[in-house]
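Beneath this line is the structure, given in structure tokens, with notes to follow.
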Amino acid sequence: MKKLVVFSLLGGDLNQGFSIVTAQLWNINQSFPVKITGSLPAAPKLPELYQRWRLLYEALLHRLDWHPRMKIHSSDITNISVSEFTDVCQQLQTYINQWLNSEPFQNIEQQLRTQLNLNDEIRVIIETDVSLLHHLPWHLWNFFADYRHAEVALSTQSYEPPRVLPRLPKEKVKILAIQGNSDGIDIGKDRNLLYGMADAQTTFLVEPTRPELNAQLWDQDWDILFFAGHSTSQPNGETGKIYINQTESITIPQLKNALQTAIARGLKLAIFNSCNGIGLARDLADLHIPQIIVMREPVPDLVAQEFLKQFLTTFAGGKSLYLAVREARERLEGLESEYPCASWLPVICQNPTVVPVTWQELCGRHQSKSDRKTHKSIWTVLLSSVIVGVSVLGLRYLGVFQSTELQSFDQMLRLRSQEEQDTRLLVVEITEKDIQSMRETTLNSNSISDSTLAKLIHKLQRYQPRVIGVDIYRDSPDSSSQSNPLKLATELSQNNIVAVCKGKDSKNDPLGIKPPAGVPSDRQGFTDGIPDPDGIVRRQILMMAQEPSSPCATSLSLSLQLATRYLFYEDKGNKQEFTGDFVRFGSSKFQRLKVGRSGAYQQSVNLGGIQILVNYHPADDYQKVTLTDVLSNKNDLNLVRNRVILIGVTANTTSGGDTWPTPYSAAGEPYQRTPGVLIQAHMVSQILSAVLDRRPILWVLPYWGDILLIAGCSLIGGVIVWRIRLLPGQGCAIVATVIVLYGVCAAILLIQGAWLPFIPSAFAIIVNGTTVLVLKQSHKDVN
């Protein structure tokens, strides 16, 4: 926001102090200012310190041969070192800040700071008739270090709005450039800078006579008056003069009538790129010119050229006059190793009744009705986008999109092409035929006896599998197997066996299922799973804390146990890291879904423990052998060697058994349910593939990422309708955008593993596009 602060230091001086100091704070388009009152104490050392600084500065000008744009008399020269001058500079800065930090002035500063933001563009005007105060480097006040978009200007006590005559529109900035006496300096570079201005029409007066200059001011309409050459001001700063040629100098009062006429005809800005311009500025201020830029002290030739270059570039580039001056002035710091205090020299002198002009206004680029309409339309689109974006986020939080987001996730996964078979896994499935052929009486008619399971494990162990996961509950002994010489407990005691159990859940499963007797907790893995509200298994639990009374004591899932043991032998397990938020193997990090809001999961979904999305293979793409085939040697059992072996029931019993729908179930005819042991195979495979093959790990954006994407899509929908005029084109563009968005989301999911919020984003595009369309149509009807 643009703001104006006017400090009035009236009715006092530095020896007596200023008993009343007022600060008026104006906001843009504000009718009345905020007025704050304080005072400033006497600062008798300040004039002496400034005079010492000035004498040393002018001595440096002479000694270092800086080619100043003024004449320096030898009587003013003293011996001076740069280090001594630097000390005086620091003393002056310190003293100014001590004076402005005095307690009587703090009431003003503190109240101003409460009403100003650091990003505000602030014009600060020092209003005073004390000449010395116009010479002080006010920009050294710490206030300007804090407010980077603030710049100081000077003003006298007496001012009024200039009387400006009507003027025809124009397309270029009209500049009257006076090139005066240039003995010992190079003002040709100033000329080149002005000549190269794209939107300017510059008339150059090279060492004009007084009548020639007078005639140009009277007869033409000027926007900017520019002077380069030698100039000077009286020691008291009250009067200044410019050297217009080799023999003539002239003061502002001597051009009073001509300048008043030029101001009335539209002269907005005077730039004196010459030395000691304070006196010139004070004289011009009496004529109520809007703005003046001068050098407050003698200026080296190179500094004057560099300031003009930076100011013109920045001002014509679109920045306000104050910010352009500040940037150009601060850029002079780069020259201060050679020209100390270069950035102290430029200063604005401002008529407080006038709003500073911009380059675009000088070019006649006033905002047209169509521009205002466009500006208003942009804000309408932005406001509509924000409202729609917030509304969509609210609906998503309430779970409105959860079901459709899950379905779109399934559809995108099914776009994946066939992948190579994961040869690290072998599933030994117990089919319906296996169960019937054994004709055994077991505690569970849907499974096999302990003796049969013991035979199976014993035979598999002969072929040196890396790890065996027994995905069959054995929470109580099978009495029918007592006479068998192979005992299940003996087989389960092997170090490469992981047995399953199920944790107790006081809400859904108050009992749980304990592991087989004698299997320690470090070789147990839970198989708890949480299907989504539609029954489909899309998530796996890697780790979770068990309830104290749970019969299943392990905190690790079967899939994580099997993958960890396999990776240990691959020299990957040594780099594992298990925390409350993620599981890491080397550089592969499995980040948990955050409880509360994580991707599409917004409501009524338990995300406890460390849960991740299952990155299914396109099909049950694992080698499978049946129980009967293993026991009867129908398969080459050498394929067991160094693999992860999963033993589980795949029988499709009348009670449904351990089968679950997956994202691929809907693609099957009829609807397919996947046995639990095969889902466990997918879970193990996704860990191994991510660590060993760099297969993507599925993840969701952080909540702020979802907000940005949905809000951005809402904006895109509004912009499309705003930019396209024809109704059919708007509809086609919206549809095309949604299709492209789907393709992008699907590609990112399959390639990078990121599950983006497609459904709410597409909804935001359509709704905001429709909203903007309705607003445009209603606006047409009104007009």
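Measuring r between the beta carbons of Leu382 and Lys35 and using R0 = 60 Å, the FRET efficiency lands at 0.95. Accessible area of Lys2 (1.4 Å probe, protein heavy atoms only, ligands and nucleic acids ignored): about 110 Å². Under 5 Å between amide hydrogens, built in the peptide plane, is the criterion, and for Glu297 it picks out Asn276, Gly277 among residues at least 5 positions away or on other chains. What a 1.4 Å probe finds exposed on the chain is 53% carbon and sulfur by accessible area, rounded to a whole percent.
Classify region 664-712 as rounded, prolate or oblate from the Cα gyration tensor: take a ≥ b ≥ c as the square roots of its eigenvalues, call it rounded if a/c is under 1.5, otherwise prolate when a/b beats b/c and oblate if not. The shape class here is oblate.
Largest accessible area first, the listed residues Met295, Met1, Met438 line up as Met1, Met438, Met295 when surface is computed with a 1.4 Å probe on the assembled protein chains. Rounded to two decimals, the Cα-based Rg/Rh of region 117-205, with Kirkwood Rh, is 1.07.
Find the centroid of the Cα atoms in region 312-340 and in region 517-532, then give the distance between the two in whole Å. Cα centroid of region 312-340 versus Cα centroid of region 517-532: 70 Å apart. Extent along the principal axes, Cα only, for region 506-581: 40, 34, 21 Å, with the longest axis given first. Give the shape of region 138-258 as rounded, prolate or oblate, defined through the alpha-carbon gyration tensor: a ≥ b ≥ c are the square roots of its eigenvalues, a/c under 1.5 means rounded, and otherwise the shape is prolate if a/b is larger than b/c and oblate if not. Because its axes are fairly even, with a/c under 1.5, region 138-258 counts as rounded.
Which percent, to the nearest 5, of DSSP beta bridges fully inside region 181-340 are antiparallel? Taking every DSSP beta bridge within region 181-340, about 40 percent pair in antiparallel fashion.
A 1.4 Å probe run over the protein chains yields, for the chain, 45 Å² of accessible area per residue, whole-number rounding. Taking region 585-612 and a reference point 7 angstrom along Cα→Cβ of Ala545, the backbone N atoms nearer than 16 Å belong to 595, 607-611. Considering the values [x] 176; [y] 245; [z] 283, which represents volume of the Cα convex hull per residue in Å³ as calculated for the structure under consideration? Here volume of the Cα convex hull per residue in Å³ agrees with entry [y].
With 0.36 nm allotted per residue and the present C-alpha distance subtracted, the Lys172-Asp693 stretch has 181.0 nm of extension available. Gain on full extension, evaluated as 0.36 nm per residue between Asn495 and Asp286 minus their Cα-Cα distance, stands at 65.3 nm.
Taking amide H as placed 1.01 Å from N in the peptide plane, the amide H of Gln157 sits under 5 Å from that of Thr128, Asp129, each at least 5 places away or on another chain.
Each DSSP beta bridge with both residues in the chain is either parallel or antiparallel, and the antiparallel ones are about 40%.
Rounded to the nearest Hz, the phi-derived 3J(HN,Hα) couplings of region 304-313 under the Karplus curve 6.51 cos²θ - 1.76 cosθ + 1.60 (θ = phi - 60°) are 4, 5, 5, 4, 4, 4, 5, 5, 4, 5, where x marks glycine and proline. The Asn508 and Tyr703 beta-carbon pair, evaluated with R₀ = 30 Å, returns a calculated FRET efficiency of approximately 0.60.
Summarising the label geometry, the points placed 7 Å from Cα in the beta-carbon direction at Phe204 and Gln464 lie 9.3 nm from one another.
Accessible surface comparison of Val614, Val400, probe 1.4 Å, protein chains only, largest first: the order is Val400, Val614.
No solvent, one uniform scatterer per C-alpha: report log10 I(q)/I(0) for region 679-771 via the Debye equation at q = 0.16, 0.21, 0.25 1/Å, two decimals. Scattering profile of region 679-771, log10 relative to I(0): -0.70, -0.96, -1.18. Karplus-derived 3J(HN,Hα) values for region 495-502, using 6.51 cos²θ - 1.76 cosθ + 1.60 with θ = phi - 60°, are 5, 9, 9, 10, 9, 9, 8, 9 Hz; glycine and proline are entered as x. Each residue of region 699-715 was assigned a 3J(HN,Hα) from its phi angle through the Karplus curve 6.51 cos²θ - 1.76 cosθ + 1.60 (θ = phi - 60°); the sequence is 8, 10, 5, x, 4, 5, x, 4, 4, 5, 5, 5, 5, x, 5, 4, 5 Hz, with glycine and proline shown as x.
The values are calculated or read from the model by the stated rules, or taken from the named source; none is laboratory data. Remember, it's a predicted structure, so these values are computed and weren't measured experimentally. Cβ sites come from the backbone with ideal geometry, for glycine too, and all protein chains shown count toward neighbours. These accessible areas exclude ligands, DNA and RNA; they are computed on the full protein's heavy atoms, side chains included. Shrake-Rupley method; radii C 1.70, N 1.55, O 1.52, S 1.80 Å.
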